[in-house]
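Here the structure is laid out as structure tokens; the discussion comes afterwards.
Derivation of every value follows stated rules applied to the coordinates shown; laboratory data play no part. Since this is a predicted model, take the numbers as computed values, not measurements. Glycine gets a Cβ as well: all are built from the backbone with ideal geometry, and neighbour counts include every protein chain shown.
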Amino acid sequence: MNLKDLDLNLLRTLDALIEERQVSRTALRLGVTQPAISHALGRLRRHFGDPLLVRQGQEMVLTPRAAEIARPLRQILSEIRQLTGPARFDPMRAEGRLRIACTDYALAIVMPHVLSGLAREAPGLSIAYSHISDEMFERLESGFLDLCLTGQASCHELQVEVLFQERFVLATRVDHPLVGSRVTVERFIAFPHVLVDVVHSRLHGIDERLAALSLQRRIALRMPSFLAAAFFARDSDLIVPVPERIASLYARSLGLALLQPPVELDLGAYDYVQAWHARRSEDPLHQWLRTLVRQAGERVRAAD
């Protein structure tokens, strides 16, 4: 393997190919032609002695060698950008894409404030959204993700900053049999439920508490979306436990009732945070991004 045949532009191309998994999208992202990307991929394949990406339908999949390269490559490029970047970060001159992992809760409650700040202060930056997953922690460590917005019970070894506090309530149709009376555990489990199933979700604490009482609820629907879940409550007996702020949006737009959970199952207030890997702590771009998100959290609190 001869390092003189591998320049920085080739490494940038490989990094983009690994992320985009398509020659046309990579060319568009890097501002070059598709033949130029194909030529670069050929050089990379010869250099590493491996196909790296193999076509499968409309996409390309990583070979084991490419998957092995992905994390150290992203770290190397990040460190080069820090080494060659300006000492003082100027958001008005910044260009690129910020990758944030969150649920649709954050998309509805936090991200509108972040995007308005981005448009005002850094119009050259854009945001790519990723859903919360088990791989999120590894992607933050590798640099593939920049930030996570979450109310999860576990943030592993990430750095965190509390934005505000949240709690769960129950969304139902306005003429649900539970409306107008105290919700007991027995009545709570008498009706079917929608479970918004997010990895490490605090909502799983409901089932843990029920199990401690030798009880369980009937989950009629499991889904990953807070925003869509309430639509299933409008014309049924379904109960939808969701964060209070997004439930308030439901109540206004869909005409749903909001109920307090049984005291035995009330999970109490919990912290909603922004989380990042320690490696990003001193990066000027990421410091600015976290400030923007912090200000978004302040606006959320002010709206209460």
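For the chain, the longest principal axis of the Cα atoms and the long axis of helix 8-20 meet at an angle of about 30 degrees.
Averaging the Cα positions of each part gives two centres, and for segment 114-190 and segment 1-79 these lie 33 Å apart. Neighbour counts of other Cβ atoms within 10 Å put CYS155, CYS148 in the fewest-to-most order CYS155, CYS148. Taking every DSSP helix (H) stretch of at least 4 residues in the chain, weighting each as -39,500 (n - 2.57) and dividing the sum by the residue count yields a mean residue ellipticity at 222 nm of -12500 deg cm²/dmol. Using a 7 Å offset from Cα along Cα-Cβ at ARG12, what residues in segment 265-297 end up with backbone N under 20 Å from the label point? Backbone N within reach: 284-286.
Taken along the Cα-to-beta-carbon direction at a fixed 7 Å, the label points for ARG97 and HIS47 span 2.1 nm.
Close amide-amide hydrogen proximity is noted between LEU163 and TYR272, VAL273, GLN274, each under 5 Å apart and 5 or more residues distant or on a separate chain (H modeled in the peptide plane; Pro and chain starts excluded). Between PRO123, VAL183, GLY297, the Cα set farthest toward the positive side of the dipole of the chain (charges on each charged residue's Cβ, about the Cα centre) is that of PRO123.
What angle do you read, to the nearest 10 degrees and between 0 and 90, between the alpha-carbon axis of helix 284-302 and the longest principal axis of the chain? Around 20 degrees separate the two axes. On a per residue basis, the convex hull of the C-alpha atoms belonging to the chain measures out at 163 Å³. Mind running the shape call on segment 1-79? Use the C-alpha gyration tensor, a ≥ b ≥ c as the square roots of the eigenvalues: rounded below 1.5 for a/c, prolate if a/b tops b/c, oblate otherwise. Verdict is rounded for segment 1-79.
Among GLU208, GLU161, the ranking by other beta carbons within 10 Å of each residue's beta carbon, starting with the fewest, stands as GLU208, GLU161. Phi-derived couplings, Karplus 6.51 cos²θ - 1.76 cosθ + 1.60 at θ = phi - 60°, listed residue by residue for segment 259-269: 10, 7, x, x, 4, 5, 10, 5, 7, x, 6 Hz, with x used for Gly and Pro. Taking 16 Å as the cut-off, the amide N atoms of segment 188-220 that come nearer than this to a point 7 Å along the Cα-to-beta-carbon line of ASP266 belong to 188, 206.
Relative to the longest principal axis of the Cα atoms of the chain, helix 111-121 runs at roughly 40 degrees. The charge dipole of the chain, taken about the Cα centre with unit charges on the Cβ atoms of Lys, Arg (+1) and Asp, Glu (-1), comes to about 700 debye, rounded to the nearest 20. In terms of other Cβ atoms within 10 Å, GLU121, GLU141 run from fewest to most in the order GLU121, GLU141. In the chain, excluding the sites themselves, the longest stretch lacking any of the trypsin sites (Lys or Arg not before Pro) that are in a DSSP loop with at most 13 other Cβ atoms within 10 Å is 89-181.
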